[in-house]
Amino acid sequence: VAIVDSYYKNSYCSQQREWLVTQQCIVLGVLSTTGTHISIFSMTILSLIRGFSVLKPLNDSSHLKTYRVMMLVLKKCFVVFGSITLAVIPVVNTFEDFFVNGMHYDPKIKLFIGFPDKNKHMDIIEAYHGRMRKKNLSWQVLNTMVDTMFSQQYHPLDEYRKKLHFYGNDGVCMFKFFVKMSDPQNYFVWGVLALNIMSFAIIAVSYIIITLVSKRSADSLGDRFKKRHRKTQRKITLLIATNLICWVPFIVVCVLHTAEIVDATKWYSIFSMIILPINTVINPFLYDELLSKKLKSALTLITPVS
């Protein structure tokens, strides 16, 4: 996004429509969505593994170790595949009637300006052909009807027409979390949000169980384990708190926007570019002690010694 911003500079406003329908915008959206959900799903799977290992610890036989490694590899494959699938579904042509919000036409085509949606297409087609039955037509049918309105000079019309995809809803090309009831992708977006909420609930419950079990063990094993328990508890508190601070306000805003109580469009860039990515980046460092130590070492190296 930063590279694209430096490329367009002061000319972005005049070229915004061209940028939003590019393949580069779609790639940015797919990559950001994949990265976010790999982080969320990985945290969920690892939380479940730790929770079950605390409740039902396994012995150290080689067969069980091999089994656990194999299961971990399969779970990682599931995380990556699931994240990529969620990111790619909105740009698959089969589902274009759910995710394409409009079309962008070359400036030579004066009849369609901006990003006309299905309703705007229907109004123009009706004005051209006369009376016609109002029904929900597919983009394929609408495009075919539009093609008949132009002479061979403009054929093939697909050279002058590009789809406004799911990720082209804003200049930063991120997942379209802010939807309205009239948006065809409304159910998909809320399905993904529900999946994320469920993931954070699993993480929170898993770590609460880990805290309770480790506290019981620490009380019976002495001061050294109590100190270790307090450290684990601080980490768990931070982990749950950062998820709540980042996602709860965001989901509340999504609900208010969908209900059309507030128009949160202007806040989209703040949430998608700052708040949610910060949460995605922070979680692994809070979760993994090795990463946390590496970060501290890196900060020590770049911090000037007084």
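The values are calculated or read from the model by the stated rules, or taken from the named source; none is laboratory data. Note that this is a predicted model, so its numbers are computed, not measured. We place every Cβ from the backbone using ideal geometry, glycine too, and count neighbours over all the protein chains shown. For accessibility, only protein heavy atoms count, side chains too; no ligands or nucleic acids. Shrake-Rupley method; radii C 1.70, N 1.55, O 1.52, S 1.80 Å.
Points to keep in mind about this one:
- Across Lys120/Lys162; Lys9/Lys176; Lys9/Lys118; Lys135/Lys162; Lys110/Lys266; Lys108/Lys162, pairs whose alpha-carbon gap is larger than 21 Å: Lys9/Lys176; Lys9/Lys118; Lys135/Lys162; Lys110/Lys266
- Relative to the current alpha-carbon distance between Val252 and Val205, full extension at 0.36 nm per residue lengthens the span by 14.8 nm.
- With a 1.4 Å probe rolled over the protein heavy atoms of all chains, the accessible area of Thr94, Thr33 falls in the order Thr94, Thr33, largest first.
- Here the gap between Phe95 and Ile49, fully extended at 0.36 nm per residue and compared with their Cα-Cα distance, gives a gain of 13.1 nm.
- The trypsin sites (Lys or Arg not before Pro) of segment 81-188 that DSSP puts in a loop, and whose beta carbon has at most 14 other beta carbons within 10 Å, are Lys108, Lys110, Arg131, Arg133, Lys134, Lys135, Lys180.
- Rotationally averaged projected area of segment 84-214 (alpha carbon convex hull; nm²): 10.8 nm²
- Available extension along the chain between Ile282 and Leu244 is 12.4 nm, counting 0.36 nm per residue and deducting the alpha carbon span.
- Within the accessible surface of segment 69-169, defined with a 1.4 Å probe on protein heavy atoms only, the carbon and sulfur portion equals 61 percent.
- Each of Ile274, Ile251 has its accessible area taken with a 1.4 Å probe; listed largest first, they run Ile274, Ile251.
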